[in-house]
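Data first, discussion second: the structure below is written as structure tokens.
The values are calculated or read from the model by the stated rules, or taken from the named source; none is laboratory data. On a predicted model such as this, the values are computed, not experimentally measured, just so you know. Cβ: placed from backbone, ideal geometry, glycine included. Neighbour counts: every protein chain shown.
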Amino acid sequence: MALIKGIKKNVFVLGLVSFFMDISSEMLYPIIPMFLTSVLNAPMFIVGVIEGIAESTASILKVVSGWLSDKTGKRKPFVIYGYGLSTVAKPLLAFAATWHFVLTARFLDRFGKGLRSSARDALIADSTETGYRGKAFGFHRSLDTVGAVFGPLIALLALYYYSGSLEDKYRLIFLIAFIPALISVVLLVLFVSEKKSETKNGMRFRLSDYSREFKIFLLISMIFSIGSSSNAFLILRARNIFESDLGEIPLFISSNFGEMSILAVVILAYVVYNITYSVASMPAGALSDRIGRRNVMVGGFLIFSLVYLGFAFATEGYIMWILFAVYGFYIAMTDGVSKAFVVDLVPADKRGTAIGLYYTATGLLALFSSIIAGLLWDYIGPQATFLFSTGTAFAAAVMMVALLPRFNQVNRG
């Protein structure tokens, strides 16, 4: 039964699961880099190392869990255990005394993400008719990102109403984040179902089993990823700009939050990004069903390139608001669409493995990407960090146009 045209029950519930988990995750994401640098006194290089290791851990696991979900014919157990681990990891941050604790908690959180993501996306594909894949993935990302809007706002309310020190406020938010994460696990266990499938004995992973188009797409995505560093660098860049341009902080924020006004305005700018992402995700996915995944993703890569160019040269606070808003369109045009593209290019019985391979190949570069970004920032300056990303994104867009044919949809599943 489809609750919305093309969106069946499993997809709807998985969207709610991601909604609550993203409330939890995004309560923490914009404040972790500031907690690291201002409370634990970690240098930018360490921020890059932590984010790189965390994201690479998730990515390495995604191909393994995706392959296992194909081999066993079961998706739901991987999704449950993955969300469960991430739920346990949230409150651990509250007890961090050094950056090593943060690294451990982020590692556990991303381990859970790596365990669940490929199987969850394969389950979405399994539950969706071919002509609605882009819309289904876009719908899922949209609900996920609505959670990413509420998460930072809840964190902001906690910062405002709790009367303790800034460090105590951070630690309280880490504890509160456990509640929505737990709700997501309960929804998943009770309301998501899957058909029983036979175990596929003798199933091996061979890259030769995949199409030429899939391999080209994978290569281009990897080139893009080497410059796609953690959003933590965008948050820290925004903080720097707002600190140097205090006149751009709205009066109600300055008066209500006092010394925390910089933190408050950075979080709100990040919320603007998530609002754009949420609103645009399903339309972007549906558009890719009509005009082709490649064309939508090229547009997303070009937007990324322009936004990072803006971050490199921005000097005034109002520009941060514009850049964060436009940045949401990039992720809306690439995140869900890329997974629908992968599903189009591979056989149905290899979906979990292919999505996992895509995640792993791009995510392995996240470690190098974030470390490169941190080193460029520390030794050359923030402009170098963002110009490097501008170049890799533009190169990926050009390669997408040159190496992939113009097609609306390739269905091999």
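Below, the figures for the structure above:
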{"item": "Residues of the range 301-334 classified as buried (at least 24 other Cβ atoms within 10 Å of the Cβ) and over 19 Å from residue 233 (Cβ atoms), total", "result": "2"}
{"item": "Single unsatisfied condition, residue 21 versus (1) surrounded by fewer than 21 Cβ atoms within 10 Å (Cβ to Cβ); (2) within 20 Å of residue 142 (Cβ to Cβ)", "result": "(1)"}
{"item": "Failed item, numbered, when residue 156 is tested on (1) over 22 Å from residue 333 (Cα atoms); (2) over 21 Å from the mean Cα position of the chain (by Cα); (3) at pLDDT below 85", "result": "(2)"}
{"item": "The range 206-220, subset under 22 Å from the mean Cα position of the chain (by Cα) and under 9 Å from residue 345 (Cβ atoms), residue modelled with the lowest pLDDT", "result": "214"}
{"item": "Selection from the range 174-195 of residues that are among the β-branched types (Val, Ile, Thr) and touching a Phe, Trp or Tyr at 6+ places or on another chain (Cβ under 6 Å)", "result": "183, 185"}
{"item": "Cross-chain or 6+ apart pairs with Cβ under 8 Å, the range 51-70 first and over 13 Å from residue 86 (Cβ atoms) and in contact (Cβ under 8 Å) with a residue 60 or more places away in the chain, then surrounded by fewer than 24 Cβ atoms within 10 Å (Cβ to Cβ) and acidic (Asp, Glu)", "result": "70/349"}
{"item": "Sole residue being crowded, with 22+ Cβ neighbours inside 10 Å, under 28 Å from residue 349 (Cα atoms) and either among the aliphatic types (A, V, I, L, M) or under 21 Å from the mean Cα position of the chain (by Cα) (or both), chosen from 48, 52, 114, 84", "result": "114"}
{"item": "Top-ranked residue in the range 276-318 [being in a helix (DSSP H, G or I) and among the hydroxyl-bearing types (Ser, Thr, Tyr); ranked as nearest to residue 219 (Cα to Cα)]", "result": "305"}
{"item": "Index of the failed condition, residue 350 passing every other in (1) closer than 22 Å to residue 131 by Cα; (2) modelled with pLDDT of 90 or more", "result": "(2)"}
{"item": "Matching entry among 148, 122 (being buried (at least 22 other Cβ atoms within 10 Å of the Cβ), assigned to a helix (DSSP H, G or I), in contact with an Asp or Glu (Cβ under 6 Å, 6 or more places away or on another chain) and of a type outside the set (Ser, Thr, Tyr))", "result": "148"}
{"item": "Pair list, Cβ under 6 Å, 6 or more apart: the range 376-405 residue modelled with pLDDT of 95 or more and in a helix (DSSP H, G or I), other residue crowded, with 20+ Cβ neighbours inside 10 Å and of a type in the set (S, T, N, Q)", "result": "390/305; 393/305; 394/305"}
{"item": "Residue check, residue 123 within 27 Å of residue 38 (Cα to Cα), in contact with a Leu (Cβ under 8 Å, 6 or more places away or on another chain) and in contact (Cβ under 8 Å) with a residue 24 or more places away in the chain", "result": "no"}
{"item": "Any hit, the range 162-182, residues being farther than 24 Å from residue 93 by Cβ, in a helix (DSSP H, G or I) and at pLDDT 85 or above", "result": "no"}
{"item": "Looking only at the range 55-81, and only at residues there that are of a type in the set (Ser, Thr, Tyr) and over 21 Å from the mean Cα position of the chain (by Cα), the one that is farthest from residue 95 (Cα to Cα)", "result": "72"}
{"item": "Filter result for residue 281 (at pLDDT below 90 and closer than 30 Å to residue 70 by Cα)", "result": "yes"}
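To keep it simple, each residue is scored yes or no on (1) modelled with pLDDT under 90; (2) touching a Gly at 6+ places or on another chain (Cβ under 9 Å); (3) under 30 Å from residue 282 (Cα atoms); (4) part of a helix (DSSP H, G or I).
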| position | (1), (2), (3), (4) |
| --- | --- |
| 15 | no, no, yes, yes |
| 34 | yes, no, no, yes |
| 53 | yes, no, no, yes |
| 57 | yes, yes, yes, yes |
| 63 | yes, yes, yes, yes |
| 70 | yes, yes, yes, yes |
| 80 | no, no, yes, yes |
| 109 | no, no, yes, yes |
